[in-house]
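This report concerns only the one structure given below.
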Amino acid sequence: MTEYFEIGQIVNTFGIKGMVKVVPYTDDITRFDNLKKVYVEIKNNKKNYEIEEVKYHKQMVLMKLKGINTPEEADLLRGSYLIINREDEEPLEEGTYYIVDLLGSEVYTDEDVLLGKLEDIYNTGSNDIYVVKDELGKQVLLPAISDVIKNIDIKNKKITVHIVSGLM
């Protein structure tokens, strides 16, 4: 399992006190309220920062990192990713998973036919869509609903699905 999670990307500076503007990679933007520290990854180097302040503006996170006090210092972080340790992450509810843990899983039908590997997950608002690609590059889009997704085995990276009429 992945030791670190990307939780956002710094895309700009904000204000004159060295705040950074972050595009969050999470369903719950308020999760940033509970963070005390974060790693900033630039070119595969991680630097630990204490979080001094978090605000929200138009679905973006505005964050003040300790030691970053000017717009010029904040601008040096533009394009970098915010990363946290898995152990610092809030526990998930039953039946929910981290996307990073699902990607690359082999997807089988309930008749044990390999459809391919889970390549991507899109959120449509009402439910997620799993993008499964076979070795020839053919994609199958599966809605992440209980009628279709029958079992997820994170440890063995295997997902079992039921193909309902009209999906393929």
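Points to keep in mind about this one:
- Estimated 222 nm signal from helices in the chain, with DSSP H stretches of n ≥ 4 weighted -39500 (n - 2.57), rounded to 500: -1000 deg cm²/dmol
- Here, the stretch 83-131 is characterised by an Rg to Rh ratio of 1.04, where Rg is the alpha-carbon radius of gyration and Rh the Kirkwood radius.
- Across Lys37/Lys117; Lys43/Lys133; Lys55/Lys133, pairs whose alpha-carbon gap is larger than 31 Å: Lys37/Lys117; Lys55/Lys133
- Charge context of Gly15, other residues only, Cβ under 15 angstrom, K/R +1, D/E -1: +1
- Once the Cβ-Cβ distance of Val100 and Ile16 is raised to the sixth power relative to R0 = 30 Å, the FRET efficiency obtained is 0.25.
- Accessible surface of the chain [probe 1.4 Å, protein heavy atoms]: carbon and sulfur percent: 47 percent
- Convex hull volume per residue, computed on the Cα atoms of the chain, equals 136 Å³.
- Note on the stretch 8-81 and the stretch 110-168: Cα centroid distance 34 Å, given to the nearest whole angstrom.
- Sites Asn156 and Arg31, calculated FRET efficiency, Cβ-Cβ separation with R0 22 Å, nearest 0.05: 0.20
- Accessible area per residue, Å², the stretch 1-113 with all protein chains present, probe 1.4 Å: 63 Å²
- Estimated dipole of the stretch 29-168 in Debye, rounded to 20 [Cβ of Lys and Arg +1, of Asp and Glu -1, Cα centre]: 500 debye
- Local net charge near Asp28, Cβ-Cβ under 13 Å (Lys/Arg +1, Asp/Glu -1): -4
- The alpha-carbon atoms of the stretch 65-155, seen along their principal axes, cover 59, 32, 27 angstrom, with the largest extent given first.
- Per the Kirkwood formula applied to alpha carbons, the stretch 1-78 shows a radius of gyration over Rh ratio, Rg over Rh, of 0.93.
- Eligible aspartates and glutamates near Lys66 by straight Cα distance, threshold 13 Å, same-chain separation 8 or greater: Glu50, Glu52, Glu53
- Antiparallel content of DSSP bridges confined to the chain, in %, to 5: 90 percent
- Counting Cα-Cα pairs of the stretch 111-168 in 5 Å increments starting at 0 gives whole-percent bin shares of 4, 18, 29, 32, 14, 4, 0.
- Computed from label points 7 Å out along Cα-Cβ, the spacing between Glu50 and Ile121 is 3.4 nm.
The values are calculated or read from the model by the stated rules, or taken from the named source; none is laboratory data. Because the structure is predicted, anything quoted here is derived from the model rather than measured. Reconstructed Cβ throughout: ideal geometry from the backbone, glycine too, with neighbour counts over all protein chains shown. Note: accessible area is taken over every heavy atom of the protein model, side chains too, but ligands, DNA and RNA are not part of it. Shrake-Rupley method; radii C 1.70, N 1.55, O 1.52, S 1.80 Å.
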